[in-house]
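One structure below.
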Ligand SMILES: NC(=O)c1ccc[n+]([C@@H]2O[C@H](COP(=O)([O-])OP(=O)(O)OC[C@H]3O[C@@H](n4cnc5c(N)ncnc54)[C@H](O)[C@@H]3O)[C@@H](O)[C@H]2O)c1
């Protein structure tokens, strides 16, 4: 948040329920804080006003204060209620770790101290959450389960759901917003780790490292470099990026260091990203595909990006090129990969993420990958959604997720709210 650069929303709904407020100001600040109407007016300036319609109790009692935060685009906002020390909200809270973590929770417990108990549910499906989660003051969600309507509607006093990770496509964040529950993510815990994995996968494919290792282990002869022919020098080859955000940008810098010609397609980053990174921006996804010797995916999973890589668009790539997906499984229609490898259209692919994780054994990609008679056996790399992983990244993810919940329990301004 950058106070002073945000515009004031002309009309705000009071998210706690019955009451609503409207605000306008001559000098709208990004953050307003106070415990009375007078205090708000003094912050807003002479011409400003906060109009309270059905004043919420906290503004009348004098024991509480609220913080109103406006996002840069002036649309998203957050209203946090600060409650005095005698309030019941200072009772020990309950924070649930919905899934993924099955360890001693030392990082989480150290972060919360006396503020809250931390309970790990280690759920494998959403059905296991309804009931146990109802009592949550905050929820930490990883990527094993999804949070949808049947769970969200039961959260009566949840102050934050934090997606301990980047992508938040496993939570109905729109419904959460309607219910007044902020959803935040942890955008930066593993930026460099995912970029390193993408580049690692790219190198092992394009240099023939994986192919040669796999064939020799299977006694496919000759014991000779010619098995990987043709391998092309990477300097000057095009590394194409879909989605030039944090990880895409980090991958771009790494590919540049290898001397590659880096291009990206991302309709949502403002002009200038190409200049700050020293890479080329392309206007259409087809243009990017047509140029890319390596196509590396770094966009979110949205209706727009679902199956962006499919049987038709793989045909736009230069023959013998490579696809690396460390973003989200649904971006690639993986059913098309075995045939593309068989025909030589793809020289290989590296898939860290799949639409269903873990996948079923009869998934066509896995069937080809496990079949010694299919070229995908030697040319396809499959990893278990592990590109994020480093000990440091995992620690960051848990620490930052816990800190986000701690802020919510204390009524402090939240960060990285996505809804
Ligand atoms: N494999 C893993 O372990 C792992 C770990 C972390 C993140 N991820 C995934 O990596 C991806 C990138 O993460 P990030 O932190 O860089 O996110 P980010 O939000 O910083 O960047 C995503 C970029 O994609 C762009 N984008 C959105 N829609 C697009 C479209 N239709 N076409 C092209 N670009 C589009 C956005 O403008 C943005 O610049 C996400 O999908 C995230 O879920 C995977």
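Of everything in the range 96-113 that's assigned to a loop (DSSP other than H, G, I, E, B) and free of Cβ contacts under 8 Å to residues at least 24 places away in the same chain, which residue is farthest from residue 165 (Cα to Cα)? Give the derivation first.
Keep residues of the range 96-113 that are assigned to a loop (DSSP other than H, G, I, E, B), which gives 100-105, 113.
So of that shortlist, the ones also free of Cβ contacts under 8 Å to residues at least 24 places away in the same chain come out as 102-105, 113.
Numbers: 102: 17, 103: 18, 104: 20, 105: 17, 113: 23 Å.
My answer is 113.
Go through the range 334-358 and give me each residue that's within 22 Å of residue 388 (Cα to Cα) and either touching a helix residue (DSSP H, G or I) at 6+ places or on another chain (Cβ under 6 Å) or buried (at least 21 other Cβ atoms within 10 Å of the Cβ) (or both). Talk me through it step by step, then tell me what you get.
Of all residues in the range 334-358, those within 22 Å of residue 388 (Cα to Cα) come to 334, 348-358.
Those that are within 22 Å of residue 388 (Cα to Cα) and either touching a helix residue (DSSP H, G or I) at 6+ places or on another chain (Cβ under 6 Å) or buried (at least 21 other Cβ atoms within 10 Å of the Cβ) (or both): 334, 348, 349, 350, 351, 352, 353, 354, 355.
Would you say residue 207 is assigned by TED's automatic domain parsing to the domain that holds residue 295 and either closer than 30 Å to residue 172 by Cβ or modelled with pLDDT under 95 (or both)?
On the way: assigned by TED's automatic domain parsing to the domain that holds residue 295: yes; either closer than 30 Å to residue 172 by Cβ or modelled with pLDDT under 95 (or both): no.
For residue 207, the condition - assigned by TED's automatic domain parsing to the domain that holds residue 295 and either closer than 30 Å to residue 172 by Cβ or modelled with pLDDT under 95 (or both) - is not met.
Among residues belonging to the range 241-266 that are in a strand (DSSP E or B) and either within 13 Å of the ligand (Cβ to nearest atom) or touching a residue at least 60 places away in the same chain (Cβ under 8 Å) (or both), point out the one that is surrounded by the most Cβ atoms within 10 Å (Cβ to Cβ). Steps first, please.
Here is the first cut: in the range 241-266, the ones in a strand (DSSP E or B) are 241-242, 261-265.
Okay, now just the ones that are also either within 13 Å of the ligand (Cβ to nearest atom) or touching a residue at least 60 places away in the same chain (Cβ under 8 Å) (or both), so 241-242, 263-265.
Working: 241: 29, 242: 23, 263: 20, 264: 25, 265: 23.
Across the range 241-266, the extreme among qualifying residues is 241.
Suppose we filter the range 126-139 for residues that are outside any loop (DSSP other than H, G, I, E, B) and loosely packed, with under 15 Cβ neighbours inside 10 Å; how many remain? Step through it out loud before you land on a result.
Filtering the range 126-139 for residues outside any loop (DSSP other than H, G, I, E, B) gives 126-128, 138-139.
From the residues that got through so far, the ones that are loosely packed, with under 15 Cβ neighbours inside 10 Å too are 127.
Result for the range 126-139: 1.
Within the range 316-331, how many residues turn out to be assigned to a loop (DSSP other than H, G, I, E, B) and either buried (at least 21 other Cβ atoms within 10 Å of the Cβ) or in contact with a strand residue (DSSP E or B) (Cβ under 8 Å, 6 or more places away or on another chain) (or both)? Lay out the reasoning, then the answer.
Residues of the range 316-331 assigned to a loop (DSSP other than H, G, I, E, B): 316-320, 326-328.
Filter again for either buried (at least 21 other Cβ atoms within 10 Å of the Cβ) or in contact with a strand residue (DSSP E or B) (Cβ under 8 Å, 6 or more places away or on another chain) (or both), leaving 317, 320, 326-328.
Looking only at that region, the number is 5.
Name the residue, out of 386, 313, that is within 16 Å of the ligand (Cβ to nearest atom) and assigned to a loop (DSSP other than H, G, I, E, B). It would help to see each step written out before you state the result.
Numbers: 313 fails: assigned to a loop (DSSP other than H, G, I, E, B).
One residue alone meets the criteria, 386.
Would you be able to say whether some residue in the range 140-162 is under 16 Å from the mean Cα position of the chain (by Cα) and assigned to a helix (DSSP H, G or I)?
no
Looking at the range 382-401, I want the residues that are over 15 Å from residue 200 (Cα atoms) and have a partner that is near the ligand (Cβ under 9 Å from one of its atoms) and part of a helix (DSSP H, G or I) with Cβ atoms under 6 Å, at least 6 apart or on another chain. Which pairs are those?
Close Cβ pairs satisfying both conditions: 393/193.
Conditions tested, residue by residue: (1) farther than 26 Å from residue 232 by Cα; (2) away from the ligand (no atom under 15 Å from the Cβ); (3) assigned by TED's automatic domain parsing to the domain that holds residue 213.
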{"residue": "286", "(1), (2), (3)": "no, no, yes"}
{"residue": "299", "(1), (2), (3)": "yes, no, yes"}
{"residue": "318", "(1), (2), (3)": "no, yes, yes"}
{"residue": "326", "(1), (2), (3)": "no, no, yes"}
{"residue": "329", "(1), (2), (3)": "yes, no, yes"}
{"residue": "348", "(1), (2), (3)": "no, yes, yes"}
{"residue": "367", "(1), (2), (3)": "yes, yes, yes"}
{"residue": "372", "(1), (2), (3)": "no, yes, yes"}
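Check 116, 123 and return the single one that is away from the ligand (no atom under 16 Å from the Cβ), in contact (Cβ under 8 Å) with a residue 60 or more places away in the chain and buried (at least 16 other Cβ atoms within 10 Å of the Cβ). Give the steps one after another, and end with the answer.
Working: 123 fails: in contact (Cβ under 8 Å) with a residue 60 or more places away in the chain.
After ruling out the rest, the residue left standing is 116.
Based on what the data block shows, is residue 196 within 16 Å of the ligand (Cβ to nearest atom), assigned to a loop (DSSP other than H, G, I, E, B) and touching a residue at least 24 places away in the same chain (Cβ under 8 Å)?
On the way: within 16 Å of the ligand (Cβ to nearest atom): yes; assigned to a loop (DSSP other than H, G, I, E, B): no; touching a residue at least 24 places away in the same chain (Cβ under 8 Å): yes.
It is false that residue 196 is within 16 Å of the ligand (Cβ to nearest atom), assigned to a loop (DSSP other than H, G, I, E, B) and touching a residue at least 24 places away in the same chain (Cβ under 8 Å).
Only residues that are within 16 Å of the ligand (Cβ to nearest atom) and either touching a helix residue (DSSP H, G or I) at 6+ places or on another chain (Cβ under 8 Å) or at pLDDT below 95 (or both): list them for the range 153-167, please. Even if it seems obvious, please write down each step before you answer.
First pass over the range 153-167, keeping only residues within 16 Å of the ligand (Cβ to nearest atom): 162-167.
Hits for the range 153-167 are 162, 164, 165, 166, 167.
If I go through the range 91-110 residue by residue, how many of them are within 14 Å of residue 124 (Cβ to Cβ) and modelled with pLDDT of 95 or more? First the steps, then the outcome.
So the first thing to find is which residues in the range 91-110 are within 14 Å of residue 124 (Cβ to Cβ), and the list is 97-102.
The next check asks that each one be modelled with pLDDT of 95 or more; those that pass are 97-99.
Adding up the residues that qualify gives 3.
Hey, among the residues in the range 171-190 that are within 12 Å of the ligand (Cβ to nearest atom) and crowded, with 20+ Cβ neighbours inside 10 Å, which one's nearest to residue 145 (Cα to Cα)? Give the steps one after another, and end with the answer.
Here is the first cut: in the range 171-190, the ones within 12 Å of the ligand (Cβ to nearest atom) are 185-190.
Checking which are crowded, with 20+ Cβ neighbours inside 10 Å leaves us with 185-186, 189-190.
Numbers: 185: 15, 186: 17, 189: 20, 190: 20 Å.
So the residue we want is 185.
Looking only at the range 277-290, decide whether some residue is outside any loop (DSSP other than H, G, I, E, B), more than 21 Å from residue 326 (Cβ to Cβ) and out of contact with any strand residue (DSSP E or B) (no Cβ under 8 Å at 6 or more places or on another chain).
Taking every residue of the range 277-290 in turn, at least one turns out to be outside any loop (DSSP other than H, G, I, E, B), more than 21 Å from residue 326 (Cβ to Cβ) and out of contact with any strand residue (DSSP E or B) (no Cβ under 8 Å at 6 or more places or on another chain).
Answer with yes or no whether residue 295 is within 13 Å of the ligand (Cβ to nearest atom), within 19 Å of residue 195 (Cβ to Cβ) and in contact with a strand residue (DSSP E or B) (Cβ under 6 Å, 6 or more places away or on another chain). It would help to see each step written out before you state the result.
On the way: within 13 Å of the ligand (Cβ to nearest atom): yes; within 19 Å of residue 195 (Cβ to Cβ): yes; in contact with a strand residue (DSSP E or B) (Cβ under 6 Å, 6 or more places away or on another chain): yes.
The answer is yes for residue 295.
The values are calculated or read from the model by the stated rules, or taken from the named source; none is laboratory data. Every value quoted in this text rests on a predicted model; they were computed, and no experiment measured them. No Cβ is skipped: glycine too gets one built from the backbone with ideal geometry, and neighbour counts run over all protein chains shown.
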